[in-house]
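The values are calculated or read from the model by the stated rules, or taken from the named source; none is laboratory data. Keep in mind it's a predicted model, so treat the numbers as computed, not measured. Cβ sites come from the backbone with ideal geometry, for glycine too, and all protein chains shown count toward neighbours. We work out accessible area using only protein heavy atoms, side chains counted, and drop any ligands, DNA or RNA first. Shrake-Rupley method; radii C 1.70, N 1.55, O 1.52, S 1.80 Å.
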Amino acid sequence: VQLQASGGGLVQAGDSLRLSCVASGRNSPFRFMGWFRQAPGKEREFVATKEWSGSRAFYADSVKGRFSISRDNAKNTVYLQMGSLRPEDTAVYFCAAGQPIISTVRDPNGYTSWGQGTLVTVSS
């Protein structure tokens, strides 16, 4: 499956932004589709993920209550609605798809397909 992320940009602290990730060429099923991010000089970290065929969603503590993940199965698209953005949210955001088990949904190693990344910059 190929993933195409979009929606990044430069915003001010407190603003909102919505990222989109479209899956195409889907030849094999995946259980979860979600988002990771990587800030300069830091490791890739989990942001949020959502079951493709169910309702369960998981969030990093750092974004809980500010970010919301949703999907549109008809469009093969997952969205990340980001609110109350902070400078520390600045990173390249990657969408990912895979079949991790529940206990490892936050581990990037559980995801086999990755998008190219979209840059989110939050100014103070």
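Which lysines have a Cα lying under 23 Å from the Cα of Lys64, excluding residues fewer than 8 positions away in the same chain?
Filter leaves Lys42, Lys50.
Which whole number in µm²/s is D for the stretch 48-124 by Stokes-Einstein, with the Kirkwood Rh taken over Cα pairs at 25 °C and 0.890 mPa s?
182
Tally up the carbon and sulfur contribution to the accessible surface of the stretch 55-124 as a whole percent, 1.4 Å probe, everything protein left in place.
49
Give the relative contact order (percent, whole number) for the stretch 66-120; include only Cα pairs under 8 Å separated by 6+ residues.
Relative contact order for the stretch 66-120 comes out at 31 percent.
If you take every residue apart from Arg66 with its C-beta less than 12 Å away from the C-beta of Arg66, what net charge results, scoring Lys and Arg +1 and Asp and Glu -1?
Here the count lands on -2.
So what is the relative contact order of the stretch 1-115, in percent, for Cα pairs below 8 Å that sit 6 or more residues apart?
33
Along its principal axes, what span do the Cα atoms of the stretch 1-85 show, with the longest given first and each in whole Å?
38, 24, 22
Any idea which of Ser103, Val47, Gly9 is furthest toward the positive side of the dipole for the chain, if Lys and Arg beta-carbons carry +1 and Asp and Glu beta-carbons -1?
Ser103
Which residues' amide hydrogens lie under 5 Å from the amide hydrogen of Arg31, considering only partners 5 or more residues apart or on another chain, with H built in the peptide plane?
Under 5 Å from the amide H of Arg31 lie the amide H atoms of Gly98, Gln99, each far enough along the sequence or on another chain.
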